[in-house]
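Nothing in this text is a laboratory measurement; each read-out follows from the coordinates by a stated rule. No experiment lies behind these values; they were computed from the predicted model shown. Reconstructed Cβ throughout: ideal geometry from the backbone, glycine too, with neighbour counts over all protein chains shown.
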Amino acid sequence: MSDRSNALGEFDFAGDDHVVPFQVEGLDVRGRAVQLGPLLNSILGRHNYPPAVARLLAEAIVLTVLIGTSLKFQGKFIVQTKTDGPVDLLVADFAAPDSVRAYARFDEERLAAAIAAGEASPSQLLGNGILALTIDQGNYMQPYQGIVPLDGSTLEEVAGLYFRQSEQIPTRVRLGVAELFDRDAEGKPRHSWRAGGVLAQFLPTAPERMRQPDLHGGDGDVGQGMDHVEDDAWAEARALVETIDSDELTDPLIGVERLLFRLFHERGVRVYPPLQMQDRCSCSRDKIKGVLKGFSADEIAASDEEGEIAVTCEFCSTTYRYQLDEVENA
């Protein structure tokens with residue numbers, strides 16, 4: 001948002017790397033939407049991930065900021081996959097109010113083999129495993145963790161299952177990633193990434209309107225939920241969100257506010273002040289030094305590289321170097 005006061009009828013667009021909360025009162029829907037540009041390029045660029053891995057991590061980052069920015073306290077929200085696929089680990093970390101960091105781990109040989117075999121869809125690269133979503137409220141508070149299976153589903157689908165299991169809130173998530181190739185002002189080739197997403201939730205005043213069909217394998221009566229009728233307002237909202245094309249989520253010429261207007265203008269959509277996201281890691285020299293001081297003498301000796309220990313943060317790739325006498329226990 002700009003610093004100037006807007007005249008009647010004027011409107012400022014949030015732009016990249018800003019999460020925009022919104023409400024559609026006519027459909028009892030609240031949600032958030034975002035387009036990521038410079039922040040995403042910064043995170044992905046420092047690791048030089050293969051495109052297939054970068055796309056997966058970009059989706060995880062978008063999902064993390066869409067959910068994390070709903071936190072009403074100073075804490076962390078972490079999305080993490082642990083699977084048996086070529087990309088066996090994704091971690092995206094949001095620290096309130098605005099800090100984002102992320103990294104991916106993958107097997108180069110298995111990834112190359114999967115791509116060569118034409119088995120490089122997101123679900124194939126992740127494989128089977130779990131998606132863990134953790135809310136950490138800091139010291140003296142027990143973290144909350146929701147775990148849902150990854151068994152060929154997309155991150156969009158798994159996010160909906162998470163909300164259905166943990167909060168019983170009808171939720172629809174859309175995620176999109178784009179790899180761009182163009183030229184800079186000097187005509188030199190340029191490569192960049194963009195990603196976007198929308199999270200919409202059905203939050204009517206009457207709780208009974210939120211009822212959903214029972215999950216398969218539940219403990220209800222056989223056939224329970226078969227006659228469930230979806231609320232008309234949510235059915236309409238969900239159908240509208242499902243019409244979003246991936247290109248719309250990432251196109252900088254459309255923007256978040258225009259996209260929301262396209263979707264919900266007949267019902268009246270209201271947007272709230274945007275929340276700017278920052279590429280900011282929580283690592284520091286002192287934090288890592290504290291971890292090293294907990295190492296045993298044998299562990300320190302094994303890490304010794306000509307009189308010093310070097311530690312590189314997996315998130316931001318910053319390397320910290322310590323002399324042995326800095327980390328040896330007294």
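What to note about this one:
- In the elastic network of the chain, a GNM with C-alpha springs shorter than 10 Å, the most mobile of Thr64, Thr134, Thr205 is Thr205.
- GluC sites (Glu not before Pro) restricted to DSSP loop in the stretch 62-129 with at most 15 other C-beta within 10 Å: Glu119
- Positive-end extreme of charge dipole, the chain - chosen from Thr312, Pro86, Ala301 (charges on Cβ): Thr312
- Taking every Cα-Cα distance in the chain and sorting them into 20 Å bins from zero, the calculated P(r) comes out as 27, 54, 17, 1 percent.
- Relative contact order (%) - criterion: Cα under 8 Å, at least six apart; region: the chain: 22 percent
- Proxy reagent accessibility, fewest Cβ within 10 Å first, across Glu236, Glu305: Glu305, Glu236
- If the segment from Tyr144 to Ser166 were pulled out straight at 0.36 nm per residue, it would be longer than the present Cα-Cα gap by 6.9 nm.
- P(r) histogram, all alpha-carbon pairs of the stretch 116-185 included - 10 Å bins from 0, percent: 16, 35, 27, 15, 6, 0
- Relative compactness, the stretch 285-327, computed as alpha-carbon Rg over 2.2 N^0.38 Å: 1.08
- Whole-number D in µm²/s for the stretch 237-327 (Stokes-Einstein; Kirkwood sum over Cα pairs; 10 °C, 1.306 mPa s): 89 µm²/s
- Within straight-line reach of Lys287, meaning a Cα separation under 19 Å, sit the following lysines at least 8 residues removed in sequence or on another chain: Lys76.
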